[in-house]
Structure formats: structure tokens, C-alpha cells
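Comments concern the structure below.
The values are calculated or read from the model by the stated rules, or taken from the named source; none is laboratory data. As the structure is a prediction and not an experimental result, all values here were calculated from the model. Reconstructed Cβ throughout: ideal geometry from the backbone, glycine too, with neighbour counts over all protein chains shown. Only protein heavy atoms, including side chains, enter the accessible area calculation; ligands, DNA and RNA are left aside. Shrake-Rupley method; radii C 1.70, N 1.55, O 1.52, S 1.80 Å.
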Amino acid sequence: MPAPAQRRIIFQHIDEPGYTNDLACYLRHGGYANLRQAVTRKPEELIDEVKKSGLRGRGGAGFPCGVKWDLVDRKSGKPIYLVVNADESEPGTFKDRYIIHQDPHQLIEGIMITCFANNVKQAYIYIRGEFPEGARILEKAIAEARAGGFVGPNILGTGYGCEIYVHRGAGAYICGEETGLIESLEGKRPYPRIKPPYFPAVLGLYQCPTIVNNVETLCHVKKIVEIGGEAYAKIGTPNNTGTRILCVSGHVQRPGYYEFEVGKVTLGELLNEVCGGPLPGRRFKAVIPGGSSAKVLRFGERFKGKRKIGNDLVDYDWGVEDVPMDFDCLAMIGSMGGSGGVIVMDDSVDIVAALANINEFYAHESCGQCTPCREGSLWMKKISARMVHGEARTEDGALLKSVADQIAGRTICAFGEACSWPTQSFLAKFGDEFKAYPESRKAAAAPAVPLA
Amino acid sequence: MNLKPETLARIDEVIPHYPSKRSATLPLLHLIQEDVGYIPQEAIEWVAARLELQPINVYEVVTFYPMFRQKPIGRRHVKVCRTLSCALLGAYRTCETFEREFGVRRGEVSADGEVTVDFVECLASCGTAPVVMIDDALHEKVDVARTQELSAQIRREAAARS
Amino acid sequence: MTSPAKTELVTVNIDGKEIAVPKGTNVIEAARLVGVDVPHYCYHPKLSVVGNCRMCLVEMGMPAVDPATKAPVMDPATGCQKINWIPRPQIGCATNASPGLHIRTQTPQIRDCREGVMEFLLINHPLDCPICDQAGECKLQEQSTGYGRGYSRFVEQKNVKPKRTQLGPRVTLDDERCILCSRCIRFSKEIAKDDVLGFIDRGSYSTLTCYPGRKLENNYSLNTVDICPVGALTSTDFRFKMRVWFLKQTNSLDTESSVGANTVVWSREGVIYRITPRRNDAVNDTWMADSGRLLYKAVRAESRLTAKDSLAALLARAETILRLSPGLAAVVGSGQSSVEEQFLTRQLAHALNAPAYLVSRTAEGDGILVSADRNPNVRGALVTGLVSDLPQPYLDDLGEAIDRGDVRTVVSVGEDLMAAGLSATQLAKISVIQLGTQVCASSVAASVVIPTLTVFEKAGTMINQQFRLQRFAKAVAGPVGAFDDLEVLARLIAAAGGPAEPSDLAGVWTRLAAEIPALRGLSYAAVPETGVVLDASPWASLPFVEGESLHHRPALVAASA
């Protein structure tokens, strides 16, 4: 069976010849019609549409967007803020870059609909520091939208006003964590906050109720308002509605971004057909399906169990290639859909070196606030780097796993899981290679492609 | 602080974007670094005074974010992405090639003051790995051959300037 | 006066023990009440909660209710309400008591959590206890013994950080020992209002630092040493002087102002090595000023007064002087004397039929723990009836009386009469009987000098700005040639022809309880460690000089606010 066709609703115009990121082009393509329509409706209706749509956040956790909006404290009398998480940072993920660069007005329209629905008067787009061009594009687009009456004090003559400002980060993965991002936006070190009590929906930016949504998520909101929550919920699969942008990188013939209905494409179809399979003469060895913190899958392993389809419990027996790319199936097999970043490694890869590379990233990005993550992430980096560059010991694999086990579930924020899941899963899946490493490393020639 | 008038104008413009002045810390540091090239200690104190903070509040922030520098760097800043997707496609070799081309090691300024080469973490363009940012511009699929081309271009531009 | 808000009590269950605590009490404090230790580093009862050390992880559960009916869900096995335990461990410091909260601290998961945190805290720690000043009072030592695995699996290079940094005149920092709990940063920002400390860099390379060019030199800097749970911040003065386990602890008071911060005096074999704050939530919380920590230097000061003669000989000379000019004496009492001494000073004035004076000491208050009134016990002088009005800085009235020839003899109980405004000419006209601990102009000019004890060498009480009667105890013995103040005063009263007065604390307290309305029914032994607040209404209209401090709002300010 050939892979299903892509369904581009968010990336509809990405890479379209002649499509430019200015307002005129956007308007020619029907832009801001959804905002015009939204501001004539009751905000509660719009929130209802999003709830009906079943939209789950595209930033990494897959939390239902409508529920997130529902949790916002609307009785405090304090202003409600929207913070757009454009700090796309999970290695392997690069979807938001293209939305921002090529279709910024789609994002702005999604932001304004969300603001109107939630009575937000001030939105901030927190964009990662590594996107200076993206920040300029957004600022220009916001200025155009302001001039066009889509952003600012009196939107489309309704008397409703809402401002958007772009706020640039400066190279910190932890700012993707929503409370770290809020601290950063407040001008402090981006130390994630303890929850309880600091849930953004209640005590967020400036201790006011705050919604933090990912760039792609907000584009989906625009689409939901366009076609209605129920119609949107028919796209994709139950509980995994809409489309998903899958970013494929690493060892495939055609890396890139592909938008599919959620759950309609399997990992095998994605990698073998859509992305053209492994590089010449190579075989797939491992794949990380949801950004570098997601647990790694080893080609050849099988996943068995029962899953609910409709009202029935159905047996499944999948190889890696058979796994549908949706939140629930990936969670079922012990990994996650995360941010949609699929990183592929073929049989040329020294798996210990790959983990050393990942560990270096997380050790570099740990904010250092809480003990297990601060000390554990660097320790794991030191162990795996020593294995690659110095003296590897047969017991190092077990030690690595033990260190990771002392982090996950015990930290202030989800970075604890993000930094320990790679080690835990690499050891679970490739424990044999770690154990054999002291010998295999001596035997092997210098790696063709150094990773650490 | 001897900042350009346009920098000062942009600083004045950005502070009211926030209900709390402290929020303007990152924007001000970006503007100053774009103007001065780095964040001298004087700038930390200037920002603190401007935003009614203590200098330590700004210093804590400057040192947290790798994009802020407390020392001048080369006229051109070559940032090679080190993270997994880029590494899988040869980022370490790309970085080493840049180092060889300019006779520097990571984090150093070339003898002529022209180039600083750095390894950085994920630039979020993993599908076109390995990627390199030279100043604000992203360069995709920078293999060894492309690295040499880009290095040559940097040298040409330096020669043209002098 | 407003009555404190009534606190709602809630019942929580900690390791199977039920206890009622005020709603909102955090789990660390609630556990303390049932004798369960929840180890922690970053949590401090008087600072904001940050939850960064992760040492206080506990298992937390709530009684199960049916989501639809809200009816309790019972556990058939126990017959009790079922408890829904959260699978992830929670931090005790940020978990507040709510009705039915269940906590477990002794499970395998929690043991594993603590072992993990201990291991992490030690991997980059230098483990230099033998040369570390914190040894003996180090939470890292104590908790690695109590909750660690006892061995290390770390074979990598440790991080290198700055050593022996002088953060200011009194505090030394060793960054390699720092566990980044941020207590000192929070203290400086939240209590001392001197935001100079912070973390720079990130991750495991995060480093505590003082802003370059600034110093941690505020008058509260040594509190950072007190609250540092490890050996990162040490006192430059106390460093390497003495191992803490050799030191005896004595409860005392900070006598530098009317705040009366509670203190502990640390001594060994009659020598005092340091003074640290003692917690009193109604006075000083857990803090004290740096300046108050130096007061013990007076004990061994070069200017310390001692006598070669016996007390009997000195008193004989005093008696002779007092008899020379009957009816022409004056007594200068002190706001630095104890309540008991002030009472006997009053009795001395009565015996001599002499007026009693008091000298004020004022300076700017810092709004925290050093008040504008730099006498620790002016209220004692009021309560004992030694004086009936607030003191003045200078003894102008006494000076005029001397000039008129109405006063020929002055008994000064510890005050320097020249510093208090009497001129050399005036001093030359009178005979001075000087009590005191330090050489001063007045002692030089005195006819008789009777050396007495410092606050560290005797026991007694003082009444602070809140009219709180507080005790101090004797930490060390006085030097040879210095005499107990109460004995000196009692014998002076006798010399002056007054009635027999007791010269011991218990005896004086019998007199105080009988004579002084505000102290009726009290005894020295009955004063709690946190003090007792007296009825201040007789003095409510006096314009006391103090402004606000940590736990004091002046009555007049409070009324006008």
C-alpha cells in the first residue's frame, strides 16, 4: 500500500512559488477572513469550537488546547496574556521556522483569533534567538497587520483591541518550557517555576493568567475557526485530530517537513516512501520519533499489545515501520509524538557516540536550577564522552541508566525527563552495544562521522 | 555608554512594550550587542539603571544566555550547529574545516580579527543539515566543499572591505 | 491592637501519624511537629520557597472521592477511606497542609530519591571536610550520613570553580562547595534588601557570585553564613578559629539596640568565639545584625576595667564618699543595664534620696533589626520605675544641679558622664563612684571605680521595644577583679544606709514580682525563651524614638496609619 498523500492545511503555501510573506499576498489568498468571521462570534463559541476540534498542542506534550484554555482563571480580574511559544528548540524540530519565515500572517491571524476568544489584550511572541530573520519578518508582518486593522487598538472596527510584540530569546532550550519562558519574558534567568503553585493558567506572566501556545497550534486554531471544530475533528484519527507536521532529519534520502493527517501515515511509510528510504548501501538502525528527548526506537524490535479502536480492543503486533505517527500510538509503544521531529540513524552510527551527542546537548541546556537535572545531565555527558574519547568500562552503561533513573520524575520541570529519556531508552534498546563498547571501540577504526 | 542614537531610540520604543520594565532586559541586551558587538560591564550597569534593577539582575541574565558575549569577537561570526541531526551529516567535520580555513579553534578570534568560529546547539533547521549561521544568515547543507566556498567568500568580503 | 486572625486547623497524616496543623503549613514543618525529619537544603522557614534542591521529596496522597457524587471511596481492605497516591514524588516545602493530606517519607521510592540527590550534590563537591570550617554543622555531612548511600560512583573530573573569594569584609566564599540552593541570594534580596548576590553561567557550571565591583558588606551579611547549609559561605572572622563541636552554646540577647534580637553565644573554656542569631519569630526571626556579633569583643578588650583591690575595699571607699555629702547625691542609671540592675539602681537612689537619671543613645534605625534606640533596655528603666520619662542624650539637668552645688556625689552605673555631657569642670566639682566594664573619661575622673560584668558574664532580663521581657544567660565567667553588678548595687544600697536588698537573681525577682505592677506574678525562671510581652499601656503616650523594624510597628505610627 503506498503512503497516503500529504494533507497540507498549515503548510498549504509553504514553498509555493510566488507566495510571499507580505500582507498583500496573504490577503489575496483569503487571509484574515477567519479573523473577520471570528470577531462577529461570541468568544465562548470559539473556545467551544477548539474544544470540539480535539486539537492537541503541537509543542511537545500534546496537551488538549481547549482544556488549556478552559483552565485559565477568568475571575481574577487580572489581564490574561497569550504567550506564543516560538522558541522551537527540541532538536529534530524545524516546522515553526517555515511558518514564521514564509507565512507569518497565518500565525498572526491564529494569534488574534485566540486572543479574541480568550479576551487577551496583549500577546507576546517569544521567538528563539537563533531566528533573527524570523523576528524581523514577524515584526514587519505585525506592523502590516496593525496598519490593516488586524492588530492593535480597534480590530476590524469592533472596539476590541489587542497588541502583539515580538520578544527575542538568546539561545536557551529551557525557554521552550512554558514557565521558564515566562521567567525569561519577565527579564530573569529562565528558571522553570514550581507547579503548584505557579500554573500559567492562574499565576503566569506577571502573576496573571497566561496561555502559552505553540506556533503550529495557533495556526491550527485558525483552521478550526475556518472549517468548524466538528469538521476539523474528522481530520486525522480519534483523539489525534487534525494534521501534523512531521520533520524528518538524519539518514534518509529526502529529509524535510511533511504534513499528514495525524495517525494516517506509519513511520515506515514516512521514512521509506515519503523520505525515500535509507541512504545508498545503508539500513535503518534507530529512529527518534518526536524530537531528541523522545525515546529511541530500534529497527527490528516489535511492539505487541491491545489498543482501542472505536469501542473495540484490537491486538496489535507492530514493527517500528508499522507504528502510526500519532500521539497515542507512539505513547503506547513507549515513546512519544512530542514535537514531531523524526531523527533517523542508519547502521553507520556509533550508538554510544549518538547518545554522547544528545547528552552534550542536554548538559549544555540544563538551566541548573534543581539538583537532579543540573548534576545528572552533566554527569551523563561526562560518562558518555569518556566512553567515546577515553576509557570505556563495561559497567558504564548500567551507571548511565542509573543516573538517568535518578533524574526523571524528580525535577522542577519536564527537562528532567527530556534529558534522561534518551539515556534510558538508548540503554534499554542498545544495551548490548554499550556493554560491548570497550571492546568494539578499540577494534573499530575512527568513526566515519564523528558525533561527539 | 556611548550608544548610537538609533539604538537609544529603539530602546525607548521597546521598554513600554511591557508592564514591567525588567522584561525589557533581553531586548535591551540584544540592541546593545548589535550596536557595540558585545556586552561590556558598563552596559550591564547601564541597563540595570535604565530598567531600575540591580546590576546583578542583569549580570545573571547575560551569563545565562550563550548568545550574549562579554568580550568582542571577530567581525564575522560563524556558528556551526553541533546537535544530533547536523552531527549525523558531518557537522563536526564542517566545524573542523572552518577552524582549519581560518586557523582558529572554536571560541577563538582569528589572528586578523576577522572570524570567530563557534559550535552552537540546535539551530532548528535539521532537515537541511549540516547548517551554519554566519552572522544572521543561515546556510544549509554545509558539507566540506560548501564550507570551503563559504570560507572563501568570507575572505573575499574581508578583502573587499579593506 | 488587633486580635490575630483565627487559623483554621486541618488534619494531615504523616507516616501514619495524624496531626492537626494550621491550614497551609508546609509538609516539612508539619512533619517536624510529629517528629519526622524531612531533609532539605534550599527550604528556609523565613525565605521564599523555590524547591530547587529536591531533597525534601515525599510521597503525597489525598483521600479518594467519587468524581460524580463526591462521596468518599472506601478501601475494603482497611475499612478506611482509600488514599489516591500521586505516583511522582512531590516536594514537601511547596506542599501545604490541606484536609486529609497524606504523606509518606519512609518508602523505598523516597529513600532512593534522597540517595540520588545526595549523590548528585556530592559528585562535584570537593569533599574537603577535614579542612572545612562547616564541619560539625554541615547539612551535607549530616544528611549524607542520614540519607546517602555512603559510597561514590563518580570517576569523572569534577567541575572547577573559584575558591576563597572575599565576598565582602566578613564573608568568604568557596564556590566548589556551593550546592546552589540560593538561600543567600534570597536572604540578600528579601531580608537585607541588598541585591548583590546571584548565579552566573548555567547548568552544573552555575556559580554563586557577588556583582563585580560590589561587595556583600551590608550589616546582615553574616546571616548568609548562618543559613548556608554547607561550607560555601564562611565567616572570615570565625574561620579556622575553633571546631564548632567544642563550643558551648548560651542563649543571650543582642544588646546593640532596643530590638533585642535573640542570640546564641558560642564559647569554650571561658572564651567566646562567635555570636549567632537564635530564632524568635516574634522578634528577629532567624536573623541578627553583623554589628551585634562583635559585641563579645568587649569581654577581652584592652580597655576592660578590673580592680586590684577587693570589692569590700572599694565599697568602703564608696561609703566614705557617700557619707561626706549626705543628701547631695545623684544616681545615673543606664539603659544598658538589666531590669534587675535597674531595679536595684532605683533602690539605691531611694536609699540616697537622690534623683535618678538615664542617658539616651540614638542613631538611625535600619528598619530591620537595629533600631534607633541604641539602648537595649530603656523600657526596663521605665517599668522598674527607675525613671518615669524618656531619657535625654545629655545630662543637662544634672550639670546645672552640680553647678548650683545641689549635687556633690554621682553614682554612675556604667555611663560615661563626660560622653553624657558633663564637662571636666563639672566633674572636678564632684566625687564620682563609677561602675562599669570599660575605661572611659568618667572612670578616669572617678574617685572610686568598681569594675562590673559584661552582658556575657551574667544573667538577667531586658525589655525590648515591643515591651517584651527577654532573658539572657551567663556564657562565660567574668575576669578576676570584676564584680557582679547585682552584688555591687545591693552592697552600695547597704552602704548608703538603705534596706537590705537581695543580690541574686531569684531574690531580686521576688522583689520585682511584689513591687512592680507590670511584672506581677513573674519570676526569672518563668520567662519563656521567646520572652513575654508586658502590658505597655502606662507608657503608651511616650514618644519612643524607634521607627519600624522587622517585627515592630511603633504604637504611634500604627495608630496614625
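Order C:Thr461, C:Thr78 by their accessible area, 1.4 angstrom probe, all chains in place, largest first. Spell out each step's value before the answer.
On the way: C:Thr461 0, C:Thr78 90 Å².
Putting C:Thr461, C:Thr78 in descending order of accessible area: C:Thr78, C:Thr461.
Have a look at C:Gly399, C:Val230, C:Leu542 and report the one farthest towards the positive end of the charge dipole of chain C, computed about the Cα centre with Cβ charges (Lys/Arg +1, Asp/Glu -1).
Of the options given, the answer is C:Val230.
For chain C, which cysteines have no disulfide-compatible partner, meaning no other cysteine Cβ under 4.7 Å?
For chain C, the answer is C:Cys56, C:Cys80, C:Cys93, C:Cys113, C:Cys129, C:Cys132, C:Cys138, C:Cys178, C:Cys184, C:Cys210, C:Cys228, C:Cys440, because their Cβ atoms have no other cysteine Cβ under 4.7 Å.
In whole Hz, what ³J(HN,Hα) sequence does the range A:397-413 give by Karplus (6.51, -1.76, 1.60; θ = phi - 60°), x for Gly and Pro?
x, 5, 5, 4, 5, 5, 4, 4, 5, 7, 9, 4, x, 10, 10, 5, 10
At most 13 other C-beta atoms within 10 Å and a DSSP loop state: those are the exposed GluC sites (Glu not before Pro) I care about. Give me the longest piece of chain C that has none.
Counting at most 13 other Cβ atoms within 10 Å as exposed, the longest clean stretch of chain C is C:9-268.
Check C:Asp285: other-chain or 5+ apart residues with amide H under 5 Å from its amide H, H built from backbone geometry?
Sorted by chain and number, the residues that satisfy this are C:Asn280.
Just tell me which lysines come within less than 27 Å, Cα to Cα, of B:Lys4; anything on the same chain fewer than 8 places away is out.
A:Lys140, A:Lys188, B:Lys21, B:Lys71, B:Lys79
Quick one: Karplus J couplings for the range A:173-187, per residue in order, coefficients 6.51, -1.76, 1.60, θ = phi - 60°, nearest Hz, x for Gly and Pro?
Per residue, the Karplus-derived 3J(HN,Hα) values read 4, 5, 5, x, 6, 4, 7, x, 4, 4, 4, 4, 5, 7, x Hz.
Can you tell me how the range B:51-162 classifies by the Cα gyration tensor, rounded, prolate or oblate, using a/c under 1.5 as the rounded cut?
Taking the square roots of the gyration eigenvalues as a ≥ b ≥ c, the range B:51-162 is oblate.
On a 0 to 90° scale, report how tilted helix C:311-324 is relative to the longest principal axis of chain C, with both axes built from alpha carbons and the result rounded to the nearest 10.
Rounded to the nearest ten degrees, it is 50.
Do any cysteines of chain B lack a neighbour Cys whose Cβ is under 4.7 Å away, and which are they?
Singleton cysteines: B:Cys95, B:Cys122, B:Cys126.
Considering all projection directions equally, how large on average is the shadow of the alpha-carbon convex hull of chain A, in square nanometres?
21.8
Taking amide hydrogens as modeled 1.01 Å from N in the peptide plane, which residues meet the under 5 Å criterion relative to A:Tyr316, leaving out close sequence neighbours?
Sorted by chain and number, the residues that satisfy this are A:Gly305, A:Lys306, A:Arg307.
Which of rounded, prolate or oblate describes the range A:317-377 when judged by the alpha-carbon gyration tensor and an a/c cut-off of 1.5?
Details: a/c = 2.86, a/b = 1.55, b/c = 1.84.
Oblate is the answer for the range A:317-377, as a/c is 1.5 or above yet b/c matches or exceeds a/b.
For chain C, what proportion of DSSP beta bridges, expressed in % and rounded to the nearest 5, is antiparallel?
75
Past 25 Å, Cα to Cα: identify those pairs from C:Lys139/C:Lys474; C:Lys163/C:Lys297; A:Lys68/A:Lys95, in the order given.
From the list (C:Lys139/C:Lys474; C:Lys163/C:Lys297; A:Lys68/A:Lys95), the Cα-Cα distance tops 25 Å for C:Lys139/C:Lys474; C:Lys163/C:Lys297.
Averaging sequence separations of C-alpha pairs under 8 Å and six or more residues apart, then dividing by the length of the range C:119-245, give the relative contact order as a whole percent.
Reported relative contact order: 32 percent.
With an 8 Å cut-off on Cα pairs and a minimum separation of 6 or more residues, tell me the relative contact order of the range A:350-412 in percent.
That works out to 37 percent.
For the range C:381-473, what proportion of DSSP beta bridges, expressed in % and rounded to the nearest 5, is antiparallel?
Taking every DSSP beta bridge within the range C:381-473, about 30 percent pair in antiparallel fashion.
Using θ = phi - 60° and the Karplus curve 6.51 cos²θ - 1.76 cosθ + 1.60, what whole-Hz ³J(HN,Hα) does each residue of the range B:115-126 get, with Gly and Pro shown as x?
Each residue's phi maps through the Karplus curve to give 10, 10, 10, 10, 8, 10, 8, 2, 9, 6, 9, 4 Hz.
In chain B, carbon and sulfur make up what percent of the accessible area (probe 1.4 Å)?
Summing carbon and sulfur atoms, their accessible area is 48 percent of the total for chain B.
Quick check: pseudo-label points 7 Å beyond the Cα along Cα→Cβ at C:Met242 and B:Gln41, how many nm apart are they?
According to this spin-label approximation, the distance is 3.9 nm.
More than 17 Å apart: what percent of Cα pairs in the range C:236-292 qualify?
39
Does anyone have the angle between helix C:108-123 and the longest principal axis of chain C? Alpha-carbon axes, 0 to 90°, nearest 10?
70
List the equivalent ellipsoid semi-axes of the protein assembly as shown in whole Å, largest first, each obtained as the square root of 5λ for an eigenvalue λ of the Cα gyration tensor.
The answer is 69, 31, 31 Å, longest axis first.
Please name whichever of B:Leu53, B:Val14, B:His77 sits farthest to the positive end of the charge dipole of the range B:1-84, dipole taken about the Cα centre and charges placed at Cβ: Lys and Arg +1, Asp and Glu -1.
Result: B:His77.
To the nearest µm²/s, what D does Stokes-Einstein give for the range B:5-64 at 25 °C and 0.890 mPa s, using the Kirkwood radius over alpha carbon pairs as Rh?
D, rounded to a whole number, is 217 µm²/s.
Just to confirm the number: angle between the C-alpha axis of helix B:5-14 and the first principal axis of chain B, 0 to 90 degrees, nearest 10?
Between helix and principal axis, roughly 70 degrees.
List the lysines whose alpha-carbon lies under 24 Å from that of A:Lys429, not counting same-chain residues fewer than 8 positions away?
A:Lys285, A:Lys295, A:Lys304, A:Lys306, A:Lys381, A:Lys382, A:Lys401, A:Lys442
Output needed for chain C: three equivalent-ellipsoid semi-axes, defined as square roots of 5 times the C-alpha gyration tensor eigenvalues, in descending order, whole Å.
Calculated on Cα positions only, the semi-axes equal 53, 28, 20 Å.
Once each part is reduced to its C-alpha centroid, what is the distance from the range B:119-157 to the range C:447-467 in angstrom?
The two parts, judged by their Cα centres, are 77 Å apart.
Short version: what are the Cα gyration tensor semi-axes of the range C:455-547, square root of 5 times each eigenvalue, largest first, in whole Å?
25, 18, 14
Under unit Cβ charges (Lys, Arg +1; Asp, Glu -1), what dipole magnitude, rounded to 20 debye, does the range B:76-161 have relative to its Cα centre?
120
Cα extents of the range A:200-349 along the three principal axes, largest first, in whole Å?
Its Cα atoms span 54, 39, 29 Å along the three principal axes.
Classify the range A:182-229 from the C-alpha gyration tensor, please: rounded if a/c falls under 1.5, else prolate or oblate depending on whether a/b exceeds b/c.
Prolate, since a/c reaches 1.5 and a/b exceeds b/c.
Please identify the longest segment of chain B free of exposed GluC sites (Glu not before Pro), where exposed means a DSSP state other than H, G, I, E or B and no more than 14 other Cβ atoms within 10 Å.
Longest gap between qualifying sites, sites excluded: B:53-139.
Whose amide H sits under 5 Å from the amide H of C:Thr362, counting only residues 5 or more places off or on another chain, with H placed in the peptide plane?
Amide H to amide H, under 5 Å and 5 or more residues apart or across chains, C:Thr362 pairs with C:Arg374.
Give me the net charge for the shell around C:Val196: Cβ to Cβ below 10 angstrom, other residues only, Lys and Arg +1, Asp and Glu -1.
Taking every other residue near C:Val196 into account, the sum is 0.
Just to be sure I understand: with springs between alpha-carbon atoms less than 10 Å apart, which residue in B:Ala87, B:Ala137, B:Ala129 has the highest mean-square fluctuation in the Gaussian network model of chain B?
Comparing B:Ala87, B:Ala137, B:Ala129 in the GNM, the peak value goes to B:Ala137.
When the C-alpha atoms of the range C:311-560 are aligned to their principal axes, what extent does each axis show, in angstrom, from largest down?
Over the range C:311-560, Cα extents along the principal axes are 50, 35, 31 Å.
To the nearest 20 debye, what is the magnitude of the charge dipole of the range A:41-140 about its Cα centre, counting +1 on the Cβ of each Lys and Arg and -1 on the Cβ of each Asp and Glu?
Approximately 320 debye in magnitude.
Can you tell me what percent of all Cα-Cα pairs in the range C:9-106 are more than 17 Å apart?
Of all Cα-Cα pairs in the range C:9-106, 51 percent lie more than 17 Å apart.
Lys/Arg Cβ at +1, Asp/Glu Cβ at -1, dipole of the range A:243-346 taken about the Cα centre: which of A:Val265, A:Ala331, A:Leu313 is farthest positive-ward?
A:Ala331
Over chain C, calculate the relative contact order: mean separation of alpha carbon pairs under 8 Å at least 6 apart, over the residue count, as a percent.
Numbers: 1129 pairs, mean separation 59.5, N = 561.
RCO, chain C: 11 percent.
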